[in-house]
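The values are calculated or read from the model by the stated rules, or taken from the named source; none is laboratory data. Remember, predicted model here, so these are calculated numbers, not experimental data. FYI the Cβ positions are ideal-geometry reconstructions off the backbone, even for glycines, and counts take in every protein chain you see. Calculation scope for accessible area: heavy atoms of the full protein, side chains included, ligands and nucleic acids excluded. Shrake-Rupley method; radii C 1.70, N 1.55, O 1.52, S 1.80 Å.
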Amino acid sequence: MIIKLKKDVDEKVILEIKEKIEELGLTVVENTSKEEIILGAIGNTKVIDIEKIKNLDGVIDVCVVKEAYKRASRKFHPEDTVIKIGDEVIIGNGKLMMIAGPCSVESEEQVIEIAKKVKASGAKFLRGGAFKPRTSPYAFQGLKYEGLEMLKKAREATGLKIVTELMSIDDLEVFEKDVDVIQIGARNMQNFDLLKKAGKLNKPILLKRGIAATIEEWLMSAEYIMSEGNSNVILCERGIRTYETTTRNTLDISAIPMIKKLSHLPIIVDPSHAAGLRWMVEPLSKAAVAIGADGLIIEVHNNPEKALCDGKQSITPDMYDDIVNRLRPIAESVDRII
Ligand code: PEP
Ligand code: MN
């Protein structure tokens, strides 16, 4: 339930409402937008006497939120979420989050070389899997902790922040210490224990959409993280499984405006895993930026033919540079900067 209050409402009214609702066993979240103060009640709202609250001084409106996600809902938080690391805005306020790098970290030289090149092309984040969720147990599983150390070296060498996938609760502490943005991959989108633990961290979480997840299921996964106190969730549309076989997945481009309507959380697009095809990275990136995505995560490899994972969808650093240059005017046309 949402209770909208006037911006200049007496602080006592806010406290009174909060207390009354909390006494009934519900949780109250407070958000302030440009126009109003919003109190969101979470729990069994049927026990709340709506009329009584409506009649309090300073209350503009009371409405029931029928969606199962609450903290992730735009109704609870009308303005777009801006995510910062320290004082630095990493996403929101018109700034596109540009993440680039190899599917998997393969060696220190490889990851540092790619990091330097994508940085020169405007990326602010280096991606690279150290722990890889592979369909086959016989496929390359990633360099694990060694890979993480290589990512740290690349960060030291370039200043890029690192984004990498957390697969197990066992690695939570290491990731909390060493990683700037923690990715939760498509296959773990509904690993609820992992989501709850990620919700206890004070770190941005990049939450990829599950391979066959509906938008509501995806937002419920974000809700798991947020319900534990971490509101720094970045959603990532990476294509969904459909009957189409010419592409690896089908990029659900409509998910971007839909998420923007339903939620205040930022959404970025992964054109690499969506298409599975190198040549399609550019058109999908353009579509994503034009439709209002808040960033892109792109697989870039210095030698795609020899990549240990996802070479077919990886572009070279030169291709990345060209694509970013062609994206700039599109970004500007929707008031975004790269
Ligand atoms: C990845 O980003 O390397 C990855 C495995 O992505 P997804 O979880 O979207 O398949
Ligand atoms: Mn990959």
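Would you please name the residue that is farthest from CYS236 (Cα to Cα), looking only at residues in the range 278-322 that are assigned to a helix (DSSP H, G or I) and open to solvent by less than 10 Å² (accessible area, probe 1.4 Å)? Checked the range 278-322; the qualifying residue farthest from CYS236 (Cα to Cα) is TYR320. When the range 35-63 is limited to residues that are part of a loop (DSSP other than H, G, I, E, B) and of a type in the set (D, E, K, R), the one that is farthest from LYS20 (Cα to Cα) turns out to be GLU35.
Screening SER231 against (1) among the hydroxyl-bearing types (Ser, Thr, Tyr); (2) open to solvent by 10 Å² or more (accessible area, probe 1.4 Å); (3) touching a residue at least 24 places away in the same chain (Cβ under 8 Å); (4) farther than 30 Å from THR32 by Cβ leaves a single unmet condition, (4).
Residues that are within 16 Å of ligand 2 (Cβ to nearest atom), among the polar types (S, T, N, Q) and open to solvent by less than 70 Å² (accessible area, probe 1.4 Å) were ranked within the range 114-159; the one that is nearest to ASP180 (Cα to Cα) is GLN141. The one condition from (1) surrounded by fewer than 20 Cβ atoms within 10 Å (Cβ to Cβ); (2) within 19 Å of VAL82 (Cα to Cα); (3) within 16 Å of ligand 2 (Cβ to nearest atom); (4) of a type outside the set (Asp, Glu) that ILE211 does not meet is (2).
Pairs linking a residue in the range 192-215 that is more than 16 Å from VAL181 (Cβ to Cβ) to a residue that is within 16 Å of ligand 1 (Cβ to nearest atom) and in a strand (DSSP E or B), with Cβ atoms under 6 Å and 6 or more positions apart or on different chains, are ARG209/GLU237.
Name the helices (runs of 4 or more DSSP H) wholly inside the range 154-263 in which the number of residues that are under 15 Å from the mean Cα position of the chain (by Cα) is 2 or more. Fully inside the range 154-263 and qualifying: 192-198, 215-227, 255-262. If only residues of the range 252-277 that are of a type in the set (Gly, Ala, Ser) and within 16 Å of ligand 2 (Cβ to nearest atom) are counted, the one that is surrounded by the most Cβ atoms within 10 Å (Cβ to Cβ) is SER272.
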